[in-house]
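A.B. asks: Please find one structure pasted underneath; my questions will follow.
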Amino acid sequence: MEKEEIQLILDTARSFREILDRPIKRVPTLQGKTVVNLFYEPSTRTRISFELAEKRMSADIINFTPSTSSVKKGESLIDTVKNIEAMKIDMVVVRHSSPGAAHLLARVMDANILNAGDGGHEHPTQALLDMMTIREKFGRLDGLAIGLIGDISHSRVAMSNIFGLKAMGARVILCGPPTLIPREIERLGVEVSHHIDEVIPRADVLNILRLQLERQKSGLFPSLREYHNYFGITRERLEQASKPVLIMHPGPMNRGLEISSQVADSEHSVILEQVTNGIALRMAVLYLLAGGKSEIR
């Protein structure tokens with residue numbers, strides 16, 4: 001996406017964020033539209049966030065669960081969505097374990113497709129809500145140093161953040177074990193470090209990523225204890241910084257592994273603000289895809 005497109009989404013999300021603070025948190029902007037939430041992978045924050053965004057905008061919602069559908073009988077993804085589209089729906093929010101699943105649906109369906117995470121590929125709305133949260137705190141993204149810490153190789157959040165932050169003029173520093181950082185990723189215009197204590201003093205923001213143990217092969221690092229010792233974000237480590245560092249995490253957190261409870265619950269943590277902003281950001285994306293252009297009321 002171009003900088004101007006991201007800017008439009010973030011500005012629109014700011015308007016919807018104000019709606020969430022009203023006594024009545026509902027607007028009729030998607031009234032008459034039908035949205036299907038097609039989640040082939042487990043999700044808590046993203047699924048609830050999309051559902052709330054849709055309800056706040058008065059959309060009709062259908063929640064699809066593979067375990068209770070014809071998928072259990074062998075029905076393919078394309079056949080499933082083609083049947084759903086025949087029921088005259090307008091939008092599909094999809095999470096799938098296969099990279100490129102959202103792109104595939106966009107090619108075979110006329111409905112608008114929103115990618116809620118496709119394997120280890122990308123998670124666009126998570127990156128956008130991360131950028132929204134950073135911009136709220138600093139008033140800008142351009143020129144900031146953002147550290148993405150941990151399992152870069154298996155993180156769809158990392159990839160979307162890299163593309164988005166670079167487009168907005170931020171400096172991105174990746175930090176983690178060599179086995180968890182893709183080879184030649186510097187070609188994307190990012191810095192790479194394998195020493196967290198070198199990154200913290202240079203960073204304005206640390207976005208700490210979950211170890212994707214379910215996607216990893218064994219032997220990528222000696223032990224969880226050793227990973228925490230070398231890359232875990234603790235209060236003692238943050239005391240090295242000459243200025244306060246904003247702490248973020250896309251969730252779910254492994255407390256005591258990639259982040260300590262002292263840091264996760266500290267005054268510099270905006271992890272719960274990310275969750276709230278996620279609703280506003282997804283409202284903005286739904287609104288814009290539905291053709292929303294007029295002033296939001």
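Laboratory data are not the source of any read-out in this text; all were calculated from the coordinates shown. Treat the numbers as computed from the prediction; the structure is a model and nothing was measured. Note that each Cβ is placed from the backbone with ideal geometry, even for glycine, and that neighbours are counted across all protein chains shown.
A.B. asks: For segment 143-297, what is the charge dipole size about the Cα centre, in debye to the nearest 20, if Lys and Arg each add +1 at the Cβ and Asp and Glu each add -1 at the Cβ? If you can, show how the numbers build up before the last one.
C.D. replies: Details: 17 positive and 16 negative charges, 105 e Å.
Using only the charged Cβ atoms, the result is roughly 500 debye.
A.B. asks: If the viscosity is 1.567 mPa s and the temperature 4 °C, what translational diffusion coefficient in µm²/s does Stokes-Einstein give for segment 1-81 when Rh comes from Kirkwood over Cα pairs? Don't jump to the answer; show the numbers that get you there.
C.D. replies: Numbers: Rh = 15.0 Å.
D = 87 µm²/s.
A.B. asks: Which value, in debye to the nearest 20, gives the size of the charge dipole of segment 32-170 about its Cα centre, when Lys and Arg are +1 and Asp and Glu are -1 at the Cβ?
C.D. replies: Details: 16 positive and 15 negative charges, 36 e Å.
Dipole size: approximately 180 debye.
A.B. asks: Among S153, I208, T276, whose Cα lies farthest out toward the positive end of the dipole of the chain, if unit charges sit on the beta carbon of Lys, Arg (+1) and Asp, Glu (-1)?
C.D. replies: T276
A.B. asks: Further question on the same structure: Could you give the dipole magnitude of segment 1-80 about its Cα centre, charging the beta-carbon of Lys and Arg +1 and that of Asp and Glu -1, in debye to the nearest 20? Spell out each step's value before the answer.
C.D. replies: On the way: 13 positive and 12 negative charges, 85 e Å.
Dipole size: approximately 400 debye.
A.B. asks: Sort 163-172, 272-281 for me by packing, meaning the mean count of neighbouring Cβ atoms within 10 Å per residue, highest on top. Intermediate values should be presented prior to the final figure.
C.D. replies: Numbers: 163-172: 19.7, 272-281: 21.2.
Listed from highest to lowest mean packing, they are 272-281, 163-172.
A.B. asks: Along the charge dipole of the chain, pointing to its positive end and built from +1/-1 on Cβ of Lys, Arg, Asp and Glu, which listed residue (Y227, A106, S266) has its Cα farthest out?
C.D. replies: Working it through, the farthest residue towards the positive pole turns out to be A106.
A.B. asks: Which of V263, V108, V27 moves most in a GNM of the chain, Cα contacts under 10 Å?
C.D. replies: Among V263, V108, V27, the largest GNM mean-square fluctuation belongs to V108.
A.B. asks: Also, I was wondering about something else. What residues have an amide H closer than 5 Å to that of L174, excluding those fewer than 5 places away on the same chain, when H is modeled at 1.01 Å from N in the peptide plane?
C.D. replies: For L174, the qualifying residues are L148, E191, V192, S193.
A.B. asks: Label points 7 Å out from Cα along the Cβ direction at T179 and K137: separation in nm?
C.D. replies: So the two model labels end up 3.1 nm from each other.
A.B. asks: So for segment 224-293, averaging the separation of alpha carbon pairs under 8 Å that are six or more residues apart and normalising by length, what relative contact order in percent results?
C.D. replies: On the way: 47 pairs, mean separation 23.3, N = 70.
So the answer I get is 33 percent.
A.B. asks: Could you tell me what % of all Cα pairs in the chain have separations over 27 Å? Can you show the working numbers first?
C.D. replies: Details: 18573 of 43956 pairs.
Of all Cα-Cα distances in the chain, 42 percent exceed 27 Å.
A.B. asks: Which cross-chain or sequence-distant (5 or more) residues have an amide H under 5 Å from the amide H of L114, H modelled 1.01 Å from N in plane?
C.D. replies: Residues meeting the criterion, in which the H sits 1.01 Å from N, are V92, V93, V94.
A.B. asks: Same structure again: Normalised by the residues of segment 1-81, what does the relative contact order come to in percent, with Cα pairs under 8 Å and at least six apart?
C.D. replies: Working: 64 pairs, mean separation 23.3, N = 81.
Once normalised by length, the contact order is 29 percent.
A.B. asks: Could I have the simple spin-label model distance between L188 and A106, label points 7 Å from Cα toward Cβ, reported in nm to one decimal?
C.D. replies: Between L188 and A106, the label points sit 1.7 nm apart.
A.B. asks: Restricting to DSSP H runs of at least four residues, report the calculated mean residue ellipticity at 222 nm for the chain, -39500 (n - 2.57) per run over all residues, nearest 500 deg cm²/dmol. Don't skip to the end; give the middle numbers.
C.D. replies: On the way: 11 runs with 112 residues, N = 297.
That comes out to -11000 deg cm²/dmol.
A.B. asks: Follow-up. Students often check this: by mean Cβ neighbours within 10 Å, which of 184-197, 130-143 ranks highest, and how do the rest follow? Show your work: numbers first, answer last.
C.D. replies: Working: 184-197: 13.9, 130-143: 18.1.
Listed from highest to lowest mean packing, they are 130-143, 184-197.
A.B. asks: Which one, N115, S49, M87, is farthest towards the positive end of the dipole of segment 1-123 when Lys and Arg carry +1 and Asp and Glu -1 on their Cβ?
C.D. replies: Positive-most Cα among the choices belongs to S49.
A.B. asks: Cross-chain or 8 or more residues apart, Cα under 12 Å: how many lysine pairs in the chain fit that? Count them up, please.
C.D. replies: Numbers: K3/K166; K25/K55; K33/K55; K33/K88.
The result is 4.
A.B. asks: I've got another one for you. For the chain, calculate the relative contact order in percent as a whole number, restricting contacts to Cα pairs under 8 Å that are 6 or more residues apart.
C.D. replies: Working: 524 pairs, mean separation 59.4, N = 297.
Contact order relative to length: 20 percent.
A.B. asks: Please find the FRET efficiency linking S242 to L8, where r is the Cβ-Cβ separation and R0 is fixed at 45 Å, and quote it to the nearest 0.05. Don't skip to the answer; put the middle values down first.
C.D. replies: Details: r = 35 Å, r/R0 = 0.78.
After rounding to 0.05, the efficiency reads 0.80.
A.B. asks: GNM on the chain, C-alpha springs below 10 Å: top fluctuator among L224, L52, L206?
C.D. replies: Judging by the Gaussian network model, the answer is L224.
A.B. asks: Oh, and also: Could you work out how much longer the chain between A145 and S97 gets when fully extended? Use 0.36 nm per residue separation minus the Cα distance between them, nm to one decimal. Intermediate results must be reported in sequence, preceding the final value.
C.D. replies: Working: separation 48, 0.36 × 48 = 17.28 nm, distance 3.08 nm.
Stretched out fully, the A145 to S97 stretch lengthens by 14.2 nm.
A.B. asks: From the phi of every residue in segment 22-29, what ³J(HN,Hα) in whole Hz does the Karplus formula 6.51 cos²θ - 1.76 cosθ + 1.60 yield, where θ is phi - 60° and glycine or proline is x?
C.D. replies: Residue by residue, segment 22-29 yields 7, x, 10, 9, 8, 10, x, 5 Hz.
A.B. asks: Taking H as built 1.01 Å from N, whose amide H comes closer than 5 Å to the amide H of S269, not counting residues under 5 places away?
C.D. replies: I247
A.B. asks: If you add up the charges near G100, with Lys and Arg at +1 and Asp and Glu at -1, over every other residue whose beta carbon is less than 11 angstrom from its beta carbon, what do you get? Write out the running numbers ahead of the final one.
C.D. replies: Numbers: positive: R107; negative: D118, E122.
For residues surrounding G100, the net value is -1.
A.B. asks: Can you give me the span-like helices of the chain, meaning DSSP H runs with 15 Å or more of Cα extent along the axis and Kyte-Doolittle mean at or above -1.0? Present the calculation step by step, with values, prior to reporting the outcome.
C.D. replies: Details: long enough: 3-19 (25 Å, -0.36); 45-56 (16 Å, -1.08); 124-138 (21 Å, -0.09); 156-167 (17 Å, 0.64); 271-289 (27 Å, 1.29).
Membrane-span-like by this rule: 3-19, 124-138, 156-167, 271-289.
A.B. asks: Now for a different question. Quick check on the chain: of the DSSP beta bridges with both residues there, what percent are antiparallel, nearest 5%? Don't jump to the answer; show the numbers that get you there.
C.D. replies: On the way: 1 of 34 bridges.
Looking only at bridges with both residues in the chain, the antiparallel portion is about 5 percent.
A.B. asks: Based on the Kirkwood radius over alpha-carbon pairs, what value in µm²/s does the Stokes-Einstein equation return for the translational diffusion coefficient of segment 146-297 at 25 °C and 0.890 mPa s? Don't skip to the answer; put the middle values down first.
C.D. replies: On the way: Rh = 16.5 Å.
It comes out at roughly 149 µm²/s.
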